[in-house]
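> Provided herewith is a single structure, encoded as structure tokens, for subsequent inquiry.
The values are calculated or read from the model by the stated rules, or taken from the named source; none is laboratory data. Keep in mind that what you see is a predicted model, and the values were worked out from it rather than measured. We place every Cβ from the backbone using ideal geometry, glycine too, and count neighbours over all the protein chains shown.
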Amino acid sequence: MNILARSACAKIILLGEHAVVYGKPSIAVPFSTLRTFATIAASPVGSGFSITAVDLDNQLTVVDQQSQTVEDPLAVASWKMFELLGISPPDANISLHSNIPIASGMGSGAALTTALLRAILHIADRTLPNEKLNEIVYEIEKIHHGTPSGIDNTVIVYEKPVYFVRGLEPERLKVAHPFSLVIADTGVSASTKVAVSDVRKLYDNNRLVTQQLIDSIGELVLEGRQAIEGNHFVELGAIMNRNHELLKELTVSAPMLDKLVECARQAGALGAKLTGGGRGGNMICLVTPDVIGSVKSSLLANGAYRVYDTIVQ
Ligand code: PMV
């Protein structure tokens, strides 16, 4: 019997990516309509525990004694959870299926891990505070991304808008009034790990200028928080525009991102920027409900691979 056990959402970074790695604040929101689902199938006694990642060409991970030593993120995550719960691998297969685009700045890796771990908790008939779950997902994010700030796993595990500073308890953001975002996928896959390490090189080679860019992004995030909490959306749009320019200077934009950002602004968005690691992946724009349709059509007409919209509340 198959049980659709658990799921985890995608995420969008609204403001502050990259600078967050250097201790600056960042704001991220859940994108609840795109999700990873974990389905459990009981296996015959003694057959062991395995994971099928449907969207990764049905990649099968057998979680046995040998898999304890490999750096396979799904196997490592499973073992960490078994150890924490004090259980042996159950006889079961967990199948992970996701409609979150991979490598496009939406936290697909963290969502995969979160859904898997929630399914294991379901099998074991146990619960775990989000805080603890978040710690494990963060450990696995390190395998995926090297030196992640922890923002992806945090917003995905808590599924709430967060104001995040590396190393501090995430703060729940109070959204004064729901607002709409349109998200456009450039269709270009890009590695967050590479973008983060390129920013690090920039930082090492040109510390003064890079630090100024990072500081300026940090200040924008503070202003952005006030705008969200105070219902000042025209201002928030302008802050997003300025954030995009600073990210460009950090070398993490790309021609297609710049094109879509410009197109969204022309089509009436209050503000637009890249989101996540950059170089490809997605851009976001802040829109009033009356222009959602026209902004989406314009983005598609200008080469966006796919578009979505969501309400942040
Ligand atoms: O590309 P994403 O969605 O995984 O976002 C990465 C965000 C960065 O700030 C660039 C890196 C990080 O670890 O926070």
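One line per residue, one yes/no per condition, for (1) more than 28 Å from SER298 (Cα to Cα); (2) within 22 Å of the chain's Cα centre (by Cα); (3) crowded, with 21+ Cβ neighbours inside 10 Å:
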| position | (1), (2), (3) |
| --- | --- |
| LEU208 | yes, no, no |
| LYS248 | no, yes, no |
| LYS259 | no, no, no |
| GLN266 | no, no, no |
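> All but one of (1) away from the ligand (no atom under 16 Å from the Cβ); (2) closer than 21 Å to LYS142 by Cα; (3) surrounded by fewer than 23 Cβ atoms within 10 Å (Cβ to Cβ) hold for GLY48, so report the exception by its number.
Of the numbered conditions (1) away from the ligand (no atom under 16 Å from the Cβ); (2) closer than 21 Å to LYS142 by Cα; (3) surrounded by fewer than 23 Cβ atoms within 10 Å (Cβ to Cβ), the odd one out for GLY48 is (2).
> Restricting attention to the stretch 99-109, does a residue exist that is modelled with pLDDT of 95 or more and either part of a loop (DSSP other than H, G, I, E, B) or within 16 Å of the ligand (Cβ to nearest atom) (or both)?
Our first condition is that a residue be modelled with pLDDT of 95 or more; within the stretch 99-109, this holds for none.
Scanning the stretch 99-109, I find no residue that is modelled with pLDDT of 95 or more and either part of a loop (DSSP other than H, G, I, E, B) or within 16 Å of the ligand (Cβ to nearest atom) (or both), so the answer is no.
> Which number in (1) within 13 Å of the ligand (Cβ to nearest atom); (2) charged (D, E, K, R); (3) touching a residue at least 40 places away in the same chain (Cβ under 8 Å) marks the one condition that GLU141 misses?
The single condition GLU141 does not satisfy is (3).
> Out of GLU141, GLU159, GLU131, GLU135, I need the residue that is buried (at least 21 other Cβ atoms within 10 Å of the Cβ) and under 19 Å from ALA28 (Cβ atoms). Which one? Before you say what the answer is, go through the steps one by one.
Details: GLU159 fails: buried (at least 21 other Cβ atoms within 10 Å of the Cβ); GLU131 fails: buried (at least 21 other Cβ atoms within 10 Å of the Cβ); GLU135 fails: buried (at least 21 other Cβ atoms within 10 Å of the Cβ).
Within the list GLU141, GLU159, GLU131, GLU135, the selection yields GLU141.
> With the requirement that a residue be on the phi < 0 side of the Ramachandran plot and over 11 Å from the mean Cα position of the chain (by Cα), what does the stretch 150-168 give you? Steps first, please.
Step one: filter the stretch 150-168 for residues on the phi < 0 side of the Ramachandran plot, giving 151-158, 160-166, 168.
Correct list: TYR158, LYS160, PRO161, VAL162, TYR163, PHE164, VAL165, ARG166, LEU168.
> Hey, among THR61, THR33, which residue is under 30 Å from ASN243 (Cβ atoms) and more than 16 Å from the ligand (Cβ to nearest atom)?
Values: THR61 fails: under 30 Å from ASN243 (Cβ atoms).
Result: THR33 is the single residue among THR61, THR33 that is under 30 Å from ASN243 (Cβ atoms) and more than 16 Å from the ligand (Cβ to nearest atom).
> Also, quick follow-up: Take ARG126 and decide whether it is touching a residue at least 40 places away in the same chain (Cβ under 8 Å), within 14 Å of the ligand (Cβ to nearest atom), in contact with a helix residue (DSSP H, G or I) (Cβ under 9 Å, 6 or more places away or on another chain) and of a type in the set (Lys, Arg).
no
> Would you be able to tell me the number of residues in the stretch 139-198 that are of a type in the set (D, E, K, R), in a loop (DSSP other than H, G, I, E, B) and over 22 Å from TYR308 (Cβ atoms)?
Filtering the stretch 139-198 down to residues of a type in the set (D, E, K, R) leaves 139, 141-142, 152, 159-160, 166, 169, 171-172, 174, 185, 193, 198.
Next, from what is left, pick out any that are in a loop (DSSP other than H, G, I, E, B): 159-160, 166, 169, 174.
Filter once more, keeping what is over 22 Å from TYR308 (Cβ atoms): 166, 169, 174.
The total comes to 3.
> Among the residues of the stretch 236-248, count how many are more than 15 Å from the ligand (Cβ to nearest atom) and touching a residue at least 40 places away in the same chain (Cβ under 8 Å). Before the answer, list the steps.
Step one: filter the stretch 236-248 for residues more than 15 Å from the ligand (Cβ to nearest atom), giving 236-242, 245.
Add one more test, that the residue is touching a residue at least 40 places away in the same chain (Cβ under 8 Å), and what stays is 236-237, 239-240.
Looking only at that region, the number is 4.
> Kindly provide the set of residues from the stretch 273-306 that are within 22 Å of ALA190 (Cα to Cα), aliphatic (A, V, I, L, M) and surrounded by 19 or more Cβ atoms within 10 Å (Cβ to Cβ), ordered by number.
Hits for the stretch 273-306 are LEU274, MET283, ILE284, LEU299, ALA304.
> Can I ask one more? Does ASP290 qualify as being over 28 Å from GLU219 (Cβ atoms) and over 22 Å from the mean Cα position of the chain (by Cα)? Can you show your working first?
Working: over 28 Å from GLU219 (Cβ atoms): yes; over 22 Å from the mean Cα position of the chain (by Cα): yes.
When the stated conditions are applied, ASP290 passes them.
> Which residues, taken from the stretch 51-70, are touching a helix residue (DSSP H, G or I) at 6+ places or on another chain (Cβ under 6 Å) and either small (Gly, Ala, Ser) or in contact (Cβ under 8 Å) with a residue 12 or more places away in the chain (or both)? Step through it out loud before you land on a result.
If we filter the stretch 51-70 for residues that are touching a helix residue (DSSP H, G or I) at 6+ places or on another chain (Cβ under 6 Å), which is where we start, we get 51, 61, 63, 67-68.
Hits for the stretch 51-70 are ILE51, THR61, VAL63, SER67.
> Which ones in the stretch 172-196 are over 14 Å from the mean Cα position of the chain (by Cα), among the β-branched types (Val, Ile, Thr) and within 16 Å of the ligand (Cβ to nearest atom)?
THR186, VAL188, VAL194, VAL196
Residue-wise test of (1) farther than 21 Å from LEU274 by Cβ; (2) within 16 Å of the ligand (Cβ to nearest atom); (3) surrounded by 18 or more Cβ atoms within 10 Å (Cβ to Cβ).
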position: LEU4; (1), (2), (3): yes, no, no
position: LYS11; (1), (2), (3): no, yes, yes
position: VAL20; (1), (2), (3): no, yes, yes
position: VAL29; (1), (2), (3): no, yes, yes
position: ILE40; (1), (2), (3): yes, no, yes
position: SER43; (1), (2), (3): yes, no, no
